[in-house]
Every structure is written in C-alpha cells, then in structure tokens.
Amino acid sequence: MRHVKLGLSGPLVSEVCFGSLAISPLQGRVTTAEGTGILRYAIEQGINWVDTAEIYNNYTQIAKAISGHSEVMVATKSYALTRAEMRTSLEKARRGLNRDVLDFFLLHEQESAFTLRGHQAAWDELLDAKAQGIVRYLGISTHAAAGVRAGALQPGLDVIHPILNYQGIGIIDGTLEDMLNAISFAAELGIGIYAMKVLGGGHLAHDPVQAFDFIRQVKGVQAMAVGMSSKAEVDFNLLLLAGQDVPPELSQVVHKRERKLYIADWCQGCGRCVEVCPQGALYLEGQAKVKAAECVLCGYCGRVCPHFCLKIV
C-alpha cells in the first residue's frame, strides 16, 4: 500500500481513504454488520484512514471496525454553525468513535468565503479544540472551486476534501479547470488535499483506471477517498492502484453492481429532497424525479425524506 504525506503539516496516510458513506445507514447498501466487516477487511489490506460525517450516522459501526487498530485515523465532518453546535458535534464524534482525540474534523460542504464566514463561530470552536489537543487536523469538504480557494485562506486549516474527477462531475460552481486551478492554489500554500467522488458517483466506474490515474496526476492532490461496499470492491480497487492484473471473475462481480438512486412510488412530492440536493439533480413533477446524469449518489436527499422514499440501490 502506497503511503503519502498529507500536505506540509499532515500525517502519513494510505493513498486510499476508505469512504464509509457506502456502508452507512444513509445509503443502506449493506447491513451495519456487513459494513463493519468490509471496513475491517479494508484495514487489514493496509488502508489506514476512514472518511465519515456526522450525518452518515455510522460512528458506532466505525468504532467496532477499528477496535484494536489505534493506528487507523478517522476524518469526520459537521454542518455545525455555532460554538455550541460544534461542541455537541465534537463530543458526539468522540463518544461514538470511542476516541478521546479526533484525527480530522471538517466543516461539511463549504461553498465559498461566504459560507465559511457563516460558520466562523463553529470554526473558532474547532480552533480551540485543536489547541486543547482534542482534534489534530482541521479542514473543510466542498463541491465548489470557490470553496477550495476560500478554505486555503482559512486560518488554521490543514486539509481540504474537494470533489474531483476527470469529467468534473459534481462541481457546482464552474468547470474542471476552475477546480484544478483552485487546488493548485491551495497546494502551493501547503494544504493537504484528498479527493472525493473520483468515480463520479459511479458514472465513471466503467473506466476506473483512467479515474484513478487522473487523480494521481493532479499536482497537489495526495490521496483519494473511495467508497466501497463489498470486499470484492476493496480487492478490485487496491489491485488497480497497485498496478496489478485484476482477475476477470473479480472484475465481473464488481461491474455487475451498477447503482442508482431509487425513488419509491409512495413519494408525496414534498420537495425537501430537491432543496438539499447539492447537485441540482432532483426536481418535482408531481413526485420527486432524478436527472441520473447529474446525480453523484451522495444519498444526502434520503436523510431529509419524511417518508423514506429515497435510497441508493
């Protein structure tokens, strides 16, 4: 397993971060127990950090998987706005993950300097937590090039988790070139960068070699979070990244698992999912409908549906 240094001040991490959204209740692809086993298996193969978020609701699952592996780091995120909300988020993560010290804590889905300004109180609480030794590294996640640029200038920020793939799928405020320029700017300032949605929410899964090679060639990006919901996917991805041949039967198993956003026929058309979709992939036509080409399978819509109509399948 290849290891890289995350920015100027970050730790040594495996090139691949396990994206735990795919095994979380938010997507529901696997049972909690199955997801725990898959994550534990990935750790045994050499992946030494996990990406999650408060809304994934899987801290207990991760805690079970990393039990006995104190070397495994966890990156989590929160939408907290105020100091009080952030204190609650920090304690929830510490209790849920069964760790006194959190490795990475990020503000979730920051779009620009304006959204960061709106989260300043929460950021100040994170800075205090870092000074007290409660958190080691601070950062933001973002789907926007403007978010990357603003984050790079945020005092005390160590890492940025931006959306990035060779087709620019999911970037909400510009082109792929805009995102690459923003990442270059952040990298010059020594910010650690690990990419998300490198397979474009499944849209680029037909050519994972190109997807992974693209990320590796972007100067300033050290690592990538990859969502995996089976041991076969773990084996498949790690073989590709190691430059080894993938057995045809393994490739067939992985490529059979085409995913999509399922919207149940009992949808009431309330529109809550449309309001929270960061990609603008959902719309109302009596009921919720999805523009499949624009959906990155984040599953965030499902968490606000009062009737549990939306799920990644």
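The values are calculated or read from the model by the stated rules, or taken from the named source; none is laboratory data. Since this is a predicted model, take the numbers as computed values, not measurements. Neighbour counts are summed over all protein chains in view; Cβ atoms, including those assigned to glycine, are modelled from backbone coordinates with ideal geometry.
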Report yes if some residue within the stretch 17-37 is crowded, with 23+ Cβ neighbours inside 10 Å, more than 16 Å from the chain's Cα centre (by Cα), closer than 27 Å to Leu261 by Cβ and among the hydrophobic types (A, V, I, L, M, F, W, C); otherwise report no. no
Taking the criterion of being touching a residue at least 24 places away in the same chain (Cβ under 8 Å) and closer than 18 Å to Val226 by Cβ, would at least one residue in the stretch 111-122 satisfy it? no
Which pairs turn up if I take residues in the stretch 273-295 that are outside the structural domain of Lys197 (by TED's automatic domain parsing) and charged (D, E, K, R) and look for partners that are in a helix (DSSP H, G or I) and crowded, with 20+ Cβ neighbours inside 10 Å with beta carbon separation below 8 Å, at least 6 apart in sequence or on another chain? none
When (1) in contact (Cβ under 8 Å) with a residue 60 or more places away in the chain; (2) closer than 22 Å to Pro25 by Cα; (3) not assigned by TED's automatic domain parsing to the domain that holds Ala22 are applied to Ser230, the one that fails is (3)
For the stretch 47-58, check the following and say yes or no: at least one residue is surrounded by fewer than 16 Cβ atoms within 10 Å (Cβ to Cβ) and farther than 27 Å from Glu188 by Cα. yes
Selection count, the stretch 106-146, where residues are within 20 Å of the chain's Cα centre (by Cα) and of a type in the set (Asp, Glu): 2
Here the residues within the stretch 191-211 that are of a type in the set (A, V, I, L, M, F, W, C), assigned to a loop (DSSP other than H, G, I, E, B) and closer than 18 Å to Asp51 by Cβ are Ile191, Val198, Leu199
Any idea which of Tyr137, Tyr166 is in a loop (DSSP other than H, G, I, E, B), hydroxyl-bearing (Ser, Thr, Tyr) and either in contact with a Phe, Trp or Tyr (Cβ under 8 Å, 6 or more places away or on another chain) or under 20 Å from Met224 (Cα atoms) (or both)? Tyr166
Restricted to the stretch 158-167, and to residues that are buried (at least 17 other Cβ atoms within 10 Å of the Cβ) and not aromatic (Phe, Trp, Tyr), which residue is farthest from Gly10 (Cα to Cα)? Asn165
